[in-house]
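Engineer: Handing you this structure, nothing more for now.
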Amino acid sequence: MYELMPNENKFVQIIEIRDDGFVEFNFAISEAVMNVELLLPYKAFIEFCHNNRVSFFSQEQEDEILIDNENWKYGLNKN
């Protein structure tokens, strides 16, 4: 078993379980807003989640992601 960054919390958010057997999902380490969208076959997704001891995003984290995505979409994330 290989775990990415074993000392960090890891999270997933399923976007879609597709008819072709793939799972589209967001994956984050530590901070929900710093996530990547991934696509894996269903069995590989289950193994990925097990190997990395992931949790599902909380409702608060999902809300944070929605706000962040909207800010990026409309150019509101100015530093």
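Engineer: Could you work out the percent of alpha carbon pairs in the chain separated by over 14 Å, rounded to a whole number?
Structural biologist: Values: 1977 of 3081 pairs.
Value for the chain (Cα pairs over 14 Å): 64 percent.
Engineer: Something else about it: Nearest 20 debye, what's the magnitude of the dipole of the chain about its Cα centre given +1 on Lys and Arg Cβ and -1 on Asp and Glu Cβ?
Structural biologist: 200
Engineer: Considering only C-alpha atoms, what is the centroid distance from region 1-20 to region 42-78, in Å?
Structural biologist: Cα centroid to Cα centroid, the span is 10 Å.
Engineer: Along the charge dipole of region 10-73, pointing to its positive end and built from +1/-1 on Cβ of Lys, Arg, Asp and Glu, which listed residue (11, 44, 69) has its Cα farthest out?
Structural biologist: Working it through, the farthest residue towards the positive pole turns out to be 44.
Engineer: Pop a pseudo-label 7 angstrom from the Cα along the beta-carbon direction at both residue 46 and residue 73 and give the gap in nm to one decimal.
Structural biologist: 3.3
Engineer: Which angle from 0 to 90°, rounded to the nearest 10, does the C-alpha axis of helix 59-73 make with the longest principal axis of the chain?
Structural biologist: In the chain, helix 59-73 runs at an angle near 60 degrees to the longest axis.
Engineer: Considering only the other residues whose Cβ falls under 15 Å of the Cβ of residue 39, what net charge follows from Lys and Arg at +1 and Asp and Glu at -1?
Structural biologist: -4
Engineer: Suppose a student asked you for the relative contact order of the chain, using Cα pairs under 8 Å spaced at least 6 residues apart; what percent would you report?
Structural biologist: After rounding, I find 29 percent.
Engineer: Nearest 5 is fine: what % of DSSP beta bridges in region 10-73 come out antiparallel, could you say?
Structural biologist: Counting DSSP beta bridges with both partners in region 10-73, the antiparallel share is about 90 percent.
Readers should treat all values here as calculations from the given coordinates under stated rules, not as data from a laboratory. Worth saying up front: this structure is predicted, and the values here are computed from it rather than measured. Note that each Cβ is placed from the backbone with ideal geometry, even for glycine, and that neighbours are counted across all protein chains shown.
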